[in-house]
1. When ligands, DNA and RNA are left out and all protein chains stay put, how many square angstrom of accessible area per residue does the chain have with a 1.4 Å probe?
2. Tell me, what ³J(HN,Hα) does each residue in the range 99-106 have, in order and in whole Hz, if you take phi through Karplus 6.51 cos²θ - 1.76 cosθ + 1.60 with θ = phi - 60° and put x for Gly and Pro?
3. Note down the relative contact order for the chain as a percent, whole number, built from C-alpha pairs under 8 angstrom at least six residues apart.
4. For the chain, what does -39500 (n - 2.57) per DSSP helix run (n ≥ 4), summed and divided by total residues, give at 222 nm, in deg cm²/dmol to the nearest 500?
5. With charges set only on the Cβ (+1 for Lys and Arg, -1 for Asp and Glu), what does the dipole of the chain come to about its Cα centre, in debye to the nearest 20?
6. Which value, in Å² rounded to 10, gives the accessible area of residue 135 with a 1.4 Å probe and all protein chains present?
7. Once you list every other residue whose beta carbon is under 9 Å from the beta carbon of residue 45, what net charge do they have if Lys and Arg are +1 and Asp and Glu are -1?
8. Averaging over every viewing direction, what projected area does the convex hull of the Cα atoms of the chain cover, in nm²?
Amino acid sequence: MFKRVLGALWRHAPKSVRRWGVFLVEPRFTVTAGAVVLDEEGRVLLLEHRFRIGSGWGIPGGFIEKGEQPEEALRRELREEVGLELESAEIAFVRTLKRPTQIEIVFRCRARGSTTRKNIEIKSADWFTLDHLPSELSKDQRRLINRVLNDGAKRAD
């Protein structure tokens, strides 16, 4: 009986009240786009961020803005951070993170051109072979790179 009454009240409530009700009870999270970007020599682009917790080294990417498509966000971030354009971009996988509460869309990309540090957020940008990744690179970032590249190799077979 109680559920029926609540349901009727909900259905007849103004749209703005229902929207606020959903906002208050539904979980909130951020959505980011990141990329394993390869150059023509098969090297991986890593950025050393000034504000990244830990070593600072990691794959490029950033937050998706309201109304923006994931690939658009990734291309925008690369242009803003290091002045790089992409030849190609395909979604490799999507993962969820508990802390921070986040959905991360990870791309496999091919670079067009070279990088130039353009943004104060970035200390340095460099291309690394897989056997010479920075020692400070986190285990999570290493696993992420390997997953993208191994999945890509399987698809090419």
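The values are calculated or read from the model by the stated rules, or taken from the named source; none is laboratory data. This is a predicted model, so every value here is computed, not measured. Don't worry about glycine lacking a Cβ; one is built from the backbone with ideal geometry, like all the others, and counts go over all protein chains shown. The accessibility values were calculated without ligands, DNA or RNA, using every heavy atom of the protein model including side chains. Shrake-Rupley method; radii C 1.70, N 1.55, O 1.52, S 1.80 Å.
1. Values: 10360 Å² over 157 residues.
With all protein chains present, the chain gives 66 Å² per residue.
2. Rounded to whole hertz, the list is 9, x, 5, 8, 10, 10, 9, 10.
3. Values: 254 pairs, mean separation 42.2, N = 157.
Here the relative contact order equals 27 percent.
4. Details: 4 runs with 53 residues, N = 157.
Value at 222 nm, helices only: -10500 deg cm²/dmol.
5. Numbers: 29 positive and 23 negative charges, 262 e Å.
Value, rounded to 20: 1260 debye.
6. Rounded to the nearest 10, the figure is 100 Å².
7. Working: positive: 43; negative: 39, 126.
Surrounding charge for residue 45 is -1.
8. On the way: hull surface 51.6 nm².
In nm², the orientation-averaged hull projection of the chain is 12.9.
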